[in-house]
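These notes concern the structure reproduced below.
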Protein chains: 4
Amino acid sequence: MPIPAPNLNPAFNIVRLSHVEFGVTDLAASRKFYTEILGLQVTDEDQDTIYLRAMEERGHHCLVLKKKPEAGIDYLSYKVWSEEELDKAEAFFKAKGHKTEWVERAYQGRTLRSQDCFGAPMEFYYKMDRLEPIHQKYELYRGVKPLRIDHFNCFAPNVDQAVEFYGELGFRVTEYTEDEETGHLWAAWAHRKGGVHDIAFTNGTGPRLHHTAFWVPTPLNIIDLLDLMATTGYVSNIERGPGRHGISNAFFLYILDPDGHRIEIYCSDYQTVDPDLEPIKWDLKDPQRQTLWGAAAPRSWFEHGSVFTGVDTREAELKATPIIAP
Amino acid sequence: MPIPAPNLNPAFNIVRLSHVEFGVTDLAASRKFYTEILGLQVTDEDQDTIYLRAMEERGHHCLVLKKKPEAGIDYLSYKVWSEEELDKAEAFFKAKGHKTEWVERAYQGRTLRSQDCFGAPMEFYYKMDRLEPIHQKYELYRGVKPLRIDHFNCFAPNVDQAVEFYGELGFRVTEYTEDEETGHLWAAWAHRKGGVHDIAFTNGTGPRLHHTAFWVPTPLNIIDLLDLMATTGYVSNIERGPGRHGISNAFFLYILDPDGHRIEIYCSDYQTVDPDLEPIKWDLKDPQRQTLWGAAAPRSWFEHGSVFTGVDTREAELKATPIIAP
Amino acid sequence: MPIPAPNLNPAFNIVRLSHVEFGVTDLAASRKFYTEILGLQVTDEDQDTIYLRAMEERGHHCLVLKKKPEAGIDYLSYKVWSEEELDKAEAFFKAKGHKTEWVERAYQGRTLRSQDCFGAPMEFYYKMDRLEPIHQKYELYRGVKPLRIDHFNCFAPNVDQAVEFYGELGFRVTEYTEDEETGHLWAAWAHRKGGVHDIAFTNGTGPRLHHTAFWVPTPLNIIDLLDLMATTGYVSNIERGPGRHGISNAFFLYILDPDGHRIEIYCSDYQTVDPDLEPIKWDLKDPQRQTLWGAAAPRSWFEHGSVFTGVDTREAELKATPIIAP
Amino acid sequence: MPIPAPNLNPAFNIVRLSHVEFGVTDLAASRKFYTEILGLQVTDEDQDTIYLRAMEERGHHCLVLKKKPEAGIDYLSYKVWSEEELDKAEAFFKAKGHKTEWVERAYQGRTLRSQDCFGAPMEFYYKMDRLEPIHQKYELYRGVKPLRIDHFNCFAPNVDQAVEFYGELGFRVTEYTEDEETGHLWAAWAHRKGGVHDIAFTNGTGPRLHHTAFWVPTPLNIIDLLDLMATTGYVSNIERGPGRHGISNAFFLYILDPDGHRIEIYCSDYQTVDPDLEPIKWDLKDPQRQTLWGAAAPRSWFEHGSVFTGVDTREAELKATPIIAP
Ligand SMILES: [Ca+2]
Ligand SMILES: [Fe+2]
Ligand SMILES: [Fe+2]
Ligand SMILES: [Fe+2]
Ligand SMILES: [Fe+2]
């Protein structure tokens, strides 16, 4: 199936991915991981909830940690262009027959909650509390020195369907992997904010969140993080990397938080604002697609993901085999 | 004068700065500078003209060098969102009483030429020849390994007026410097593509081009360039830097090409896609505004610029004194 | 077996490892690998031989490539403190009953050839042609931008014996791995020149050369090399890394030349000039000894090595099992 | 005056520079500077004294801060090869007619105190308490992440005399600057430990300590330090840099501690263990000698230094003019 043309005039205007809420079982352990290792800044916290932001962000939070009996992903949240876009979003989802509701979220204005084509919870807002810049407060930098949240990556039981649904929302595909035999998509990367992606989809049991990525400027940030994790008791939380993907040219590292939520540290990216930017096609059989160089991915990387709280998953329809470390 | 609210619905949609044409007096000398030192890739050339692109760009060119008896800037060019935007642009400029014409530009579709509020030539197009990606052809990387053109910086005789005019075109101010005594703007940074700027204005005799900037990922690219220039006969082409600006947090280096056109190598940037991003205000008297750290700028940096071919300049209206190296 | 005390007054004074001669089967292929990928500089060449040096070296060569019908290692060569040390060296080896001879080597003065305790050829000289410095000729830097040869690493059939023999020559152990069960050494690192090592030994069929290492200042040199190799047809020459060893704290990459001679790119090191520097002991069972972080080493890394031309090997006496990638 | 041939067999064997004691007037301010900004580790402290080491060092200290009514340098200390060398050192200095005494120093064995040819205090010891390695305790790294003390740089009233005296002690000159007109030395760099220098001398009122240098692996350490200092109230403690010297190829930064003691952060170095390494000669008139690239040095850099406690200084005999920032 060819990649559909980008929808340059979607029903409502999503600016970018904004934040995610993780259900975590041990709030203290998660706090330590996200502040001392990853280096996010706490912007508020109480007994049940911790709000965090990265160093160049001025919105109140890009990550919410919520104490829960079981780990899971409560929602992925997106910022829209204006208040009016929220009403257009409601109309859009209602017209599709997706359930919608207006929810209360701390530090945010009106917030719409609905689901994507697989039932994964999506939230939309325009207004969030704005905080003072801290990107020049260099004494606060810690851990990997993350500058901003970059993207979500999800397992989808049908990537063609994901690309169609998110494409209608205006997400423009920048790179994709096709299974040459069936002509179906194996994976796709799609953006709103002008980088390689705000969200990506990989074939697999879903919907599940594969990872949440944070952007850093240089591979040395990642080397520093590896040195830190390897000598502070987190060596087994390193799952894959460092390496470079053929796709997106990302210099990457994948690590697991105390509940197994996967975090990517992502370096390298390119500008994708041109509306006529041609997506780059990769063959599923091309070994350098996954790994331009670096060790092959372990099996866990292809199989493990975080479920969305209360959302059923189904198996992937496409059966194909990527290259897994033996 | 306070910064005007951003115009989120401009008359036509400019995607980003695209390219610039430099009049150069010695094409061979310029070719050497831009390919061996800066590291741009030649995409076409003949006896009079050289087209160049940076490593992640897929448009045909970001820089055009044109053999001329005298050095100068022929135009600054911008990419718009679609063919239709070009007609809206024509209407916009006509309504303002600015002269417009449709010009022929190699490797581009329909191209509109007009002027900004100071008479500086602006060109707009939608379609440019697209080339194969080369960002993963690492054997081609040379010099500073530039990834993309980032921004223009212009001397303006009245920065308030520049911000108003470009603001109407949808350029959103991210940071600015105010002269506390008069309340007038000394300098402003404004973007379309979601970074700190596509264009900036500094108080001074204008319109003139102060510099054209290329983006690199790490300060080490800049250190490597300094080592290369210092040992290949280009030490006197290094004008200022390395250092970090308070404004924009840029890690910078300013160098001069063989005709004195100033090039900035720019590292660090932050995402500015939020429509409600608050501009950051700096006081002209704050020494860390210009130079968070590093040597003070030499006088030439405040005075020297490239004229636009055939365009008259006038003196700046605001008289104020930045910090100049003694 | 405990590490013997360092011999601070050896029979003759070895300054440092100096160079190695590789027998290679395709001189053109090797030339391309060592100049365009590794980035060494050719200092002389004819139909059968190529001499190379790294960027900060002023001696004529650190690597000699010799056209041969079969790949192999012709000798490891060491620089001594003065002409007189060569005669003391001859006396030392004769007293041990090791065969010695004076050989002719281009660009070198008097050169003594003998063997180590396993029969591996060692050569010693004091005088080599000195060349002009090129470390500030930045336009010559290529590939991984290697600054100097750093160390040899050899498979030894008995590492206790290696440490005793080389210890008598004044090589001081900086780090070592012991097999806790037998008390025997599994591996050891020993230096003359004040870094972690000039030579290291690993338990295995030997004598064979495991690798020759070149020093670079930052992990980014290694990332750049990986990007280059992965996109110029050398991806399968990448054997292991990047990663960090617990031992020596080395940020490393192992690559194979066209004949399978293994080259390490080595970053990080520390000063070891104190005569009372305590060697650091590692347990063979400690997984972070081999790999502080990074993928486990492939089987080839433990088994493959280059034979010394005409020298018989024997199996390792110590049977123990390091951690191999599954 | 030509550089004298290196003395390869000095009267006693100095291994390396070891440490320095700074008299400081505000111990708390100095502690903050050296731990939070520079990133040294406190190894012991009481009301009057703080002992510090850098990250790869295993000796107890490389810097001693002593509360004093006036700032000054109490002594420069060197490690020798063995206990016996201390007695040889005593004989050497006595034979020269330099006063000697055995002094008590905490955490050290027998310590000999004498003076150099200008009266500057030199101390020598063999044994110092050894501490556990911390170079792999990455959570402890702070500030510029200094790995080790690298060298001292002193103003000398007669550099020819300095080179002769220290040359007799076995310090081997690696690079030097000659005043072509008089044939006298303007500056010289000399080593014991196999790098570019353990000590350097510059023409000027002396003896005074110009700076103490710490080694870091990459220019990014220095960029990080600049960002930190510029945003934590230390911007005026940045005196010069970043830049690269022609001499020694050092990527450098010079900063001032709260008492004005100058610290260099030094990156890049090269191996100098060959006994026949040719010193590199620079002309005082060569502008790239001082500054391969970067802003010219400020006047303070040529004039300001720390006096040795209780030691008289005299003016430089050679009158010549380096390039000073206007
Ligand atoms: Ca770096
Ligand atoms: Fe990702
Ligand atoms: Fe700029
Ligand atoms: Fe090695
Ligand atoms: Fe220095």
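The values are calculated or read from the model by the stated rules, or taken from the named source; none is laboratory data. This one's a predicted model, so the numbers in the text were calculated from it and none came from an experiment. As a convention, Cβ positions derive from the backbone with ideal geometry for all residues, glycine included, and neighbour counts pool all protein chains shown.
For this structure, a couple of remarks:
- Considering residues of the range A:199-213 that are assigned to a loop (DSSP other than H, G, I, E, B) and crowded, with 23+ Cβ neighbours inside 10 Å only, the residue farthest from ligand 2 (Cβ to nearest atom): A:207
- Exclusive hit being touching a His at 6+ places or on another chain (Cβ under 8 Å) and of a type in the set (Gly, Ala, Ser), set A:243, A:310, A:305, A:294: A:305
- Extreme residue, surrounded by the fewest Cβ atoms within 10 Å (Cβ to Cβ), among residues of the range B:131-146 that are within 16 Å of ligand 1 (Cβ to nearest atom) and on the phi < 0 side of the Ramachandran plot: B:141
- The one condition from (1) of a type outside the set (Gly, Ala, Ser); (2) more than 30 Å from residue D:138 (Cβ to Cβ); (3) buried (at least 19 other Cβ atoms within 10 Å of the Cβ) that residue D:65 does not meet is (2).
- Checked against the criteria, residue B:105 does not count as surrounded by fewer than 17 Cβ atoms within 10 Å (Cβ to Cβ) and outside the structural domain of residue B:208 (by TED's automatic domain parsing).
- The condition (being under 20 Å from the mean Cα position of the chain (by Cα) and at positive phi) is satisfied by just one residue among C:305, C:260: C:260.
- Figure legend. Inter-residue proximity from the range A:154-183: first residues in the same structural domain as residue A:284 (by TED's automatic domain parsing) and at positive phi, second residues crowded, with 22+ Cβ neighbours inside 10 Å and in a loop (DSSP other than H, G, I, E, B), beta-carbon distance below 8 Å, spacing 6+ or different chains. Indicated pairs: A:170/A:192.
- Considering residues of the range D:237-267 that are facing another protein chain (nearest Cβ under 9 Å) and surrounded by fewer than 22 Cβ atoms within 10 Å (Cβ to Cβ) only, the residue modelled with the highest pLDDT: D:238
- The listed residue being of a type outside the set (Lys, Arg), more than 16 Å from ligand 4 (Cβ to nearest atom) and within 14 Å of chain C (Cβ to nearest Cβ), out of B:164, B:132: B:132
- Test: residue in the range B:108-121 that is away from ligand 1 (no atom under 16 Å from the Cβ), touching a residue at least 40 places away in the same chain (Cβ under 8 Å) and touching a Leu at 6+ places or on another chain (Cβ under 8 Å): yes
- For the range D:200-236, a tally of residues being under 25 Å from residue D:64 (Cβ atoms), at the interface with chain B (Cβ under 10 Å from one of its Cβ atoms) and within 16 Å of ligand 5 (Cβ to nearest atom) returns 2.
- Within the range A:274-303, tally of residues that are buried (at least 18 other Cβ atoms within 10 Å of the Cβ) and more than 14 Å from every other protein chain (Cβ to nearest Cβ): 2
- Residue list for the range C:130-186, filter: of a type in the set (Val, Ile, Thr) and closer than 30 Å to residue C:206 by Cα: C:144, C:149, C:159, C:163, C:173, C:174, C:177, C:182
- Checking C:285, C:319, C:281 one by one, the residue that is within 28 Å of residue D:145 (Cα to Cα) and away from ligand 5 (no atom under 16 Å from the Cβ) is C:281 and no other.
- There is at least one residue in the range D:228-247 that is within 16 Å of ligand 1 (Cβ to nearest atom), part of a strand (DSSP E or B) and within 30 Å of residue D:29 (Cβ to Cβ).
- Residue within the range D:108-122 that is over 21 Å from residue D:199 (Cα atoms) and surrounded by 17 or more Cβ atoms within 10 Å (Cβ to Cβ) present: yes
- Pair list, Cβ under 8 Å, 6 or more apart: the range D:248-276 residue more than 20 Å from residue D:175 (Cα to Cα) and within 16 Å of ligand 5 (Cβ to nearest atom), other residue part of a loop (DSSP other than H, G, I, E, B) and of a type in the set (Asp, Glu): D:263/D:257
- Subset tally (residues that are touching an Asp or Glu at 6+ places or on another chain (Cβ under 8 Å) and either within 16 Å of ligand 1 (Cβ to nearest atom) or among the aromatic types (Phe, Trp, Tyr) (or both)) for the range A:198-221: 2
- Residue in the range D:110-118 that is of a type in the set (Phe, Trp, Tyr) and within 30 Å of residue D:37 (Cα to Cα) present: no
- Which listed residue is within 11 Å of another protein chain (Cβ to nearest Cβ) and either more than 16 Å from ligand 4 (Cβ to nearest atom) or closer than 17 Å to residue A:21 by Cβ (or both), from A:150, A:116: A:150
- Considering only residues in the range B:249-296 that are more than 21 Å from residue A:132 (Cα to Cα), not in a loop (DSSP other than H, G, I, E, B) and not aromatic (Phe, Trp, Tyr), the one that is nearest to ligand 3 (Cβ to nearest atom) turns out to be B:264.
- Screening the candidates A:196, A:216, A:235 for the property of being over 30 Å from residue C:287 (Cα atoms) and either assigned by TED's automatic domain parsing to the domain that holds residue A:257 or within 16 Å of ligand 2 (Cβ to nearest atom) (or both) yields one hit, A:196.
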